[in-house]
Amino acid sequence: MSDKSRWEKIYTSRRPNEVSWYQTHLEKSRELIRATGVSHDAAIIDVGGGASTLVDDLLADGFKHITVMDISPTAIQSAQARLGTRAREVTWLEADATHESLPAHHYDVWHDRAVFHFLTEAGDRRRYVNNVSHALKPGGHVIVATFGPNGPLKCSGFDIVRYTSEQLHDEFGESFQLLRSAVEDHVTPDGKHQEFVYCYFRKR
């Protein structure tokens, strides 16, 4: 079964608020996006953001150029249905972040909560980081959240890779400056605790 088929199976068998990574509001992500200081005209891409509520809050915060990328069409359709007519204000990409051809130097902010840690193959991680470098403007901002060293070893049946902030920075390399990191104790919908590590990088 392909990764796309597996993710489709997850989103067709569970409601968006039943998956373990669900949050009503992604407050840590919003805090770090605000910390970038970008204007409401900034181009922001939320990678793996299909059913996430971050797009709702970014629209409410006044951001005008939001792209949501997800491998699962069902996840995207869920968010579009939730947003109603406001979904027309968002660019939707049904795509894999390790392979999608994105416009060069287009985005001011790249956000990813809980995609990168699913990339267990070094080649996929290289392609992902190369895509970030290609798509992000010089001086652009990257916010990535993964399971921390005390987080689970699997998620929804997938193997994952856990990171400290230093290990995550090593994956991105010296082309990116680590400006800030944080640890979050995420409580899943069924009450389990998961350690997330957030890193905020700037492209040099």
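What follows draws every value from the coordinates through simple rules; no lab data is involved. What you see is a predicted model; the values in this text were computed from it and never measured. Neighbour counts are summed over all protein chains in view; Cβ atoms, including those assigned to glycine, are modelled from backbone coordinates with ideal geometry.
Packing-based ranking of 57-69, 9-21 yields 57-69, 9-21, ordered from highest to lowest mean Cβ neighbour count within 10 Å.
The string of couplings for the stretch 68-81 from the Karplus curve (6.51, -1.76, 1.60, θ = phi - 60°) is 10, 10, 8, 6, 9, x, 5, 4, 5, 4, 4, 5, 4, 5 Hz, one whole number per residue in order, with x for Gly and Pro. Each of the peptides 99-105, 27-33, 89-95 was scored by the mean count of other Cβ atoms within 10 Å over its residues; in descending order, highest first, they stand as 27-33, 89-95, 99-105. Charge dipole (Cα centre; +1 on Lys/Arg Cβ, -1 on Asp/Glu Cβ; no other charges) of the stretch 29-127 amounts to roughly 80 debye. Quick one: work out the % antiparallel among DSSP beta bridges in the stretch 38-177, nearest 5. Restricted to the stretch 38-177, the bridges split so that about 10 percent are antiparallel. For the stretch 134-146, 3J(HN,Hα) computed residue by residue from phi via the Karplus equation (6.51, -1.76, 1.60; θ = phi - 60°) reads 5, 8, 8, 5, x, x, x, 10, 10, 10, 10, 10, 10 Hz, glycine and proline entered as x. Rounded to whole Å, give me the distance from the Cα center of the stretch 23-58 to that of the stretch 60-105. The stretch 23-58 and the stretch 60-105 have Cα centres spaced 12 Å from each other. Along the stretch 17-33 the Karplus relation, 6.51 cos²θ - 1.76 cosθ + 1.60 evaluated at θ = phi - 60°, assigns HN-Hα couplings of 8, 9, 6, 5, 8, 4, 9, 4, 9, 8, 5, 5, 4, 4, 4, 6, 5 Hz to successive residues, with x for each Gly and Pro. P(r) tail, the chain: Cα-Cα pairs separated by more than 30 Å, 13% of all pairs. Once amide H atoms are placed 1.01 Å from N in the peptide plane, what residues at a sequence separation of 5 or more from His105, or on another chain, have their amide H within under 5 Å of its amide H? Residues meeting the criterion, in which the H sits 1.01 Å from N, are Ala135, Leu136. Number of Lys-Lys pairs in the chain with C-alpha atoms under 22 Å apart and a separation of 8 or more places or on different chains: 8.
Available extension along the chain between Ala95 and Lys192 is 31.9 nm, counting 0.36 nm per residue and deducting the alpha carbon span. With contacts taken as Cα pairs under 8 Å at a separation of at least 6 residues, the chain carries a relative contact order of 20 percent. Its Cα centre serving as origin, the chain has a Cβ charge dipole (Lys and Arg +1, Asp and Glu -1) of approximately 180 debye.
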